[in-house]
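Just below is one structure, and these are the notes that go with it.
The values are calculated or read from the model by the stated rules, or taken from the named source; none is laboratory data. Everything numeric in this text was worked out from a predicted model, so none of it was measured. Every residue, glycine among them, receives a Cβ derived from its backbone with ideal geometry; neighbour counts consider all protein chains shown. In case anyone asks, the SASA skips ligands and DNA or RNA and just uses the protein heavy atoms, side chains included. Shrake-Rupley method; radii C 1.70, N 1.55, O 1.52, S 1.80 Å.
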Amino acid sequence: MQRLLAQFAKLGKLAGIALKLSADCRVSLSVIMEHCQGILIRLTKLTDTSWIVHWFTAGHGLIKTVAKGARSPRSPFAGKLDLFFDAEVHWNRARTGELHQLRESAPISTREAIRGDYNAMLLSGYWCRLLELAVEREHPEPELFGLLKRGLDHVVEKGPSIRAMQHFEQELAKYLGIARERRHVAPALREALGGLPPQRAQLLERLSPARELPVAESESGDLK
């Protein structure tokens, strides 16, 4: 009888260990690690030490991540997070909500030339705001990711221009199915998106040649 009771006790102990391991596994599996190539399109202060980092990614569309401690010079993120960086991004998906935890960012391209030119910053920021208005959060848009990447790389190589701005608008309108026969698609985008970012008016003023109308992009023109 004592041997039988001891066996039951041993089985009960093993069952308890198994249950604990099962619970631990469920907790681990509930924290999903994601990774993708992304472009950093916005930085928002969360606390004195942390950022909310907005990405437009190739595989997940628009996502928001928290970079804890990233504003500290001793942070592992130091030098790895800035506007228009192209990076390999790793993050833990939030169990609830849309604010995920950034684990790692490995820059591929820093696009330093953009941040050294106010007009380039203005144009690049305008494109990012357009995409934020045009797409749903966390919905993959690989074609638009490619459009943004090509646009930013063009600004690095050739500088900002009205032509580049209008080409981007034309390609976005085509993707959304609202492109019109006339060259200028801004009215169609304004109607579809409920307005255009305010940077557009500044770009027209700053980039248009004096006393001339803005240059119109050809329908088949390529930034390259």
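Once the piece of chain linking Ala186 and His139 is laid out straight, how much longer is it, given 0.36 nm per residue of separation minus the C-alpha distance between them?
Details: separation 47, 0.36 × 47 = 16.92 nm, distance 2.40 nm.
Between Ala186 and His139, full extension yields an extra 14.5 nm.
In this Cβ point-charge picture (+1 for Lys and Arg, -1 for Asp and Glu), segment 144-200 has a dipole of about 120 debye about its Cα centre. In terms of accessible area, using a 1.4 Å probe and ignoring ligands and nucleic acids, Glu34, Glu205, Glu143 rank largest first as Glu205, Glu143, Glu34. Rolling a 1.4 Å probe over the protein heavy atoms gives segment 86-180 an accessible area of 45 Å² per residue.
Across the protein chains, with a 1.4 Å probe defining accessible surface, the residues Lys80, Lys45 rank Lys45, Lys80 from largest area downward. Segment 143-169 and segment 71-113 have their alpha-carbon centroids 22 Å apart.
Could you tell me which of the pairs Lys68/Lys174; Lys80/Lys174; Lys149/Lys174; Lys68/Lys158; Lys45/Lys158 are separated by over 29 angstrom between their Cα atoms in the structure shown?
Violating the 29 Å limit, Cα to Cα: Lys68/Lys174; Lys80/Lys174; Lys68/Lys158; Lys45/Lys158.
In this structure, the amide hydrogen of Gly59, modeled 1.01 Å from its nitrogen in the peptide plane, lies closer than 5 angstrom to those of Gln37, counting only residues at least 5 positions away or on a different chain.
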